[in-house]
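Novice: First the structure, then my questions, so here it is.
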Amino acid sequence: PSFMFSSYYYLFKSQIFIQMAKPGKVLSDGKKMSGELFSLTYGALVADMIKDFDDINQVNTQLDKMGFNMGTRLADDFLSKRTNVSRCTDCKQMADTLAKEVIPMYLGVSASISNWSSGDKEFSLILDNNPLMELVEVPQSMSSLNYSQLLAGAIRGGLEAVHIKVFSSVNENPSNTEIRIRFDCILKDALPAGDED
Amino acid sequence: SEFVMAVAVALIGRDNSRLYTRVTEREKDDYEVQMFIHCTLDIVEDKLSKATELYLGLLTSNHKYKSFGFVANTGVKLILVLSLANTTLKDTDMRAHFKRFHLLYTNCLSNPFYELGKPLKSRALDDASADLFRSTPAE
């Protein structure tokens with residue numbers, strides 16, 4: 001699985017200029033990839049993992065780990081491209097940055113924030129047009145699968161790289177994908193976030 | 001817009017395996033419709049050799065039904081069964097319906113949980129079929 005993650009990481013990183021098979025803006029860098037290729041690749045990855053692991057929960061865990069490992073690397077990538085992003089002082093700022101800058105940059109879609117709880121330490125990122133879920137119908141027999149858990153893991157990894165510890169999970173609702181994020185603490189020991197095996 | 005009030009819709013694989021079949025609830029005699037689809041498939045083989053385009057048009061009819069066909073480049077066949085009394089549908093309408101079903105089929109293929117060759121399970125296909133069978137405005 002580790003080689004899977006690294007090749008997928010580069011695929012994911014090139015999605016910075018994702019074009020969802022619609023005519024539209026050409027971004028300055030000129031790099032594009034078909035949105036369908038992205039969705040199909042991720043789908044093949046998940047389907048393959050389900051075959052490899054007996055337990056759906058193991059698949060969720062694995063997707064989360066892969067996402068985490070990617071996220072730790074994407075943090076630097078993001079900050080190098082968005083130099084005007086200031087250090088987040090509270091969760092609301094963090095949520096805003098994720099919804100308005102990070103998700104659009106890497107997934108090409110916008111996200112909204114809702115369902116604040118736990119004294120403003122927990123919130124949901126709602127993706128109305130999750131590109132990963134395009135044309136995907138998870139069978140009833142696999143209803144415990146968190147299909148987009150990679151995204152939750154990536155957010156957790158990216159935040160940990162900037163020393164913010166969160167818990168994250170995904171809920172696939174009929175009309176959207178909900179990424180639930182709960183702030184835990186600031187990581188004081190400035191050890192760089194390492195790979196999770 | 002016009003209600004198609006179709007009797008049945010079927011997607012058949014290149015090897016003639018039944019990928020998807022839906023018959024309207026109005027039709028009491030499911031068996032008769034299935035047999036008709038069977039006969040239609042024989043005609044499709046015939047028409048395929050002479051076909052110049054994907055839309056095959058009217059394939060066959062009996063005392064109750066008539067069927068129309070469409071074949072994709074991959075050999076997947078789409079059959080639409082209508083009541084013989086249904087005369088409002090034009091050729092252009094039929095083409096549009098087949099195009100829609102063809103697109104829905106390719107969308108099913110894009111679902112990573114779909115195994116090629118197995119029967120199709122898709123909410124979108126079910127909704128489109130229900131749409132075709134409807135004879136009254138949707139609730």
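Novice: Give a quick list of trypsin sites (Lys or Arg not before Pro) in the range B:17-55 that DSSP marks as loop, anything other than H, G, I, E or B, with at most 14 other Cβ atoms within 10 Å. Walk me through the intermediate numbers first.
Specialist: Working: sites: B:ARG18, B:ARG22, B:ARG26, B:LYS28, B:LYS47, B:LYS50; in loops: B:ARG26, B:LYS28.
Answer in residue order: B:ARG26, B:LYS28.
Novice: Using 0.36 nm per residue of separation minus the Cα-Cα distance, give me the extension gain between A:GLU122 and A:ASP48 in nm, one decimal. Write down the numbers at each step before the final one.
Specialist: Details: separation 74, 0.36 × 74 = 26.64 nm, distance 3.25 nm.
Extra length available between A:GLU122 and A:ASP48 comes to 23.4 nm.
Novice: Under 14 Å between alpha carbons, and skipping anything fewer than 8 positions from A:LYS65 in its own chain: which aspartates and glutamates qualify?
Specialist: Within the straight-line cut-off, A:LYS65 pairs with A:GLU160, A:ASP195, A:GLU196, A:ASP197.
Novice: May I pose another question? Taking each pair of distinct Cα atoms in the range B:62-133 once, what is the resulting Kirkwood hydrodynamic radius in Å? Provide the component values of the computation, followed by the final result.
Specialist: On the way: mean 1/r = 0.0739 Å⁻¹.
Radius from the Kirkwood sum: 13.5 Å.
Novice: Which pairs, out of B:LYS66/B:LYS121; A:LYS81/B:LYS121; B:LYS64/B:LYS121, put more than 32 Å between their alpha-carbon atoms? Let's see the in-between values first.
Specialist: Numbers: B:LYS66/B:LYS121 26 Å; A:LYS81/B:LYS121 43 Å; B:LYS64/B:LYS121 29 Å.
Table pairs above 32 Å Cα-Cα are A:LYS81/B:LYS121.
Novice: What's log10 of I(q)/I(0) for the range B:2-137 at q = 0.22 Å⁻¹, Debye sum over Cα points only, no solvent?
Specialist: -1.56
Novice: In terms of the ratio Rg/(2.2 N^0.38 Å) built on C-alpha atoms, what value belongs to the protein assembly as shown?
Specialist: Details: Rg = 24.8 Å, N = 336, 2.2 N^0.38 = 20.1 Å.
The protein assembly as shown yields a ratio of 1.24.
Novice: Roughly how big is the protein assembly as shown's charge dipole about its Cα centre, with Cβ charges of +1 (Lys, Arg) and -1 (Asp, Glu), in debye to the nearest 20? Walk me through the numbers before you get to the answer.
Specialist: Numbers: 37 positive and 43 negative charges, 176 e Å.
Charge dipole of the protein assembly as shown: 840 debye, to the nearest 20.
Novice: To continue, here is another question. According to a simple spin-label model (label point 7 Å from Cα along Cα-to-Cβ), what is the distance in nm between A:SER112 and A:LYS92?
Specialist: Those two pseudo-labels are separated by 1.9 nm.
Novice: So how much slack lies between B:ALA51 and B:ARG123, counting 0.36 nm per residue of separation and subtracting their Cα-Cα distance, in nm?
Specialist: On the way: separation 72, 0.36 × 72 = 25.92 nm, distance 3.16 nm.
The B:ALA51-B:ARG123 span can extend by a further 22.8 nm.
Novice: ³J(HN,Hα) across the range B:38-49 via Karplus (A = 6.51, B = -1.76, C = 1.60, θ = phi - 60°), whole Hz, x for Gly/Pro?
Specialist: 4, 4, 4, 4, 4, 5, 4, 3, 4, 5, 4, 5
Novice: I've got another one for you. Below 13 angstrom from the Cβ of A:ASP120, what's the summed charge of the other residues (Lys, Arg +1; Asp, Glu -1)?
Specialist: Working: positive: A:LYS92, A:LYS121, A:ARG182; negative: A:ASP90, A:ASP96, A:GLU122.
Residues close to A:ASP120 contribute a combined charge of 0.
Only the coordinates and a few stated rules stand behind these numbers; no lab work does. Remember, predicted model here, so these are calculated numbers, not experimental data. Cβ sites come from the backbone with ideal geometry, for glycine too, and all protein chains shown count toward neighbours.
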